[in-house]
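The values are calculated or read from the model by the stated rules, or taken from the named source; none is laboratory data. These figures come from a predicted structure and were not determined experimentally. Here the Cβ is made from the backbone with ideal geometry for all residues, glycine too, and neighbour counts use every protein chain on show. Heavy atoms of the whole protein, side chains included, go into the accessibility calculation; ligands, DNA and RNA do not. Shrake-Rupley method; radii C 1.70, N 1.55, O 1.52, S 1.80 Å.
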Amino acid sequence: TQMKDMIGVDFMGRYPTESRDGNKYILIMYDYDTNYIQWVPVSSRKAKVYLAAFETMFDELTAKGFKPELVRLDNEASKLLCDHIEAKNVDIQLVTPGNHRNNPAERAIQIYRSYFLSARAGVDPSFPAKNWDLILPQVNIIINLVWPSRINPLISAYNQVHGIFDYNSTPMAPIGTKVILFDHNRAKIGRAHVWTPVTQWS
């Protein structure tokens, strides 16, 4: 099956813990040509929430010059979303019930889930469970940096979409590393500064 100029979109299963921002799901968009995986954490699978998340990822992709001609969706996609996509002059295919293999987002979900769960398991033991969605941006960068582009297999999917990743200007520590920040503005006693340790996360 020819999948050029196609994206697939689908939800990962509900995460066991609701995040501090109220997110419960991750919506995945996969672009076949660039091999790029995108994500948006969402609070529900309601039609308007789904549409807003789709629009965020679709706009990011098209802003980089990659406009798909076909979108494959789960058969439960709402009419609101389908009408919105068709208004962009993009074709839609709904996969048949139980035949998830026809949606390329399913393979992307497997890849994303595997790395996300391994990253989540490697965080500091005191990492708050409700902060799981804070690690998603770095998970996404790492996955797409090691995932080759189909347009040019000599570069990564990330480089194909965003250009060369600058490690010098954007250093990355292991996900969920505990760090200590000293905030000298928190308090003053007499002539001395009180350096208050504040736990933060990379």
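For the stretch 27-103, a crude dipole built from +1 on the beta carbon of Lys and Arg and -1 on the beta carbon of Asp and Glu, taken about the Cα centre, is about 220 debye to the nearest 20.
Scalar couplings 3J(HN,Hα) for the stretch 136-146, obtained by applying the Karplus form with A = 6.51, B = -1.76, C = 1.60 to θ = phi - 60°, are 4, x, 6, 4, 5, 4, 5, 4, 6, 6, 9 Hz; x denotes Gly and Pro. Summarising the amide proton neighbourhood of residue 39: residues at separation of 5 or more, or on other chains, whose placed amide H is nearer than 5 Å comprise 29.
Computed about the Cα centre, the dipole magnitude for the chain is approximately 720 debye when only Lys and Arg (+1) and Asp and Glu (-1) carry charge, each at its Cβ. Computed from Cα atoms, the angle from the helix 47-63 axis to the main principal axis of the chain rounds to 90 degrees. When each of the peptides 117-126, 8-17 is scored by how many other beta carbons lie within 10 Å of its residues on average, the order from highest to lowest is 8-17, 117-126. Separation of the alpha carbons by more than 18 angstrom is noted, of 24/46; 67/88; 24/79; 4/48, for 24/79; 4/48. Rounded to a whole number of µm²/s, how large is the Stokes-Einstein D of the stretch 15-146 at 4 °C and 1.567 mPa s, given Rh as the Kirkwood radius over C-alpha pairs? Calculated translational D: 82 µm²/s. Counting protein heavy atoms only, the stretch 24-129 has 50 percent of its accessible area on carbon and sulfur, 1.4 angstrom probe. Working note: 222 nm ellipticity from helices only, DSSP H runs with n ≥ 4, each -39,500 (n - 2.57), summed and divided by the residues of the chain, gives -9000 deg cm²/dmol to the nearest 500.
Projecting the Cα atoms of 52, 34, 65 onto the charge dipole of the stretch 1-107, computed from C-beta unit charges around the Cα centre, puts 52 farthest toward the positive end.
Heavy atoms of the protein chains alone define the surface here; on that basis the stretch 77-157 has 54 Å² accessible area per residue at 1.4 Å probe size.
Of 7, 89, 142, which is farthest on the positive side of the dipole of the stretch 1-158, counting Cα position, with +1 on Lys and Arg Cβ, -1 on Asp and Glu Cβ, and the Cα centre as origin? So the residue furthest toward the plus end is 142.
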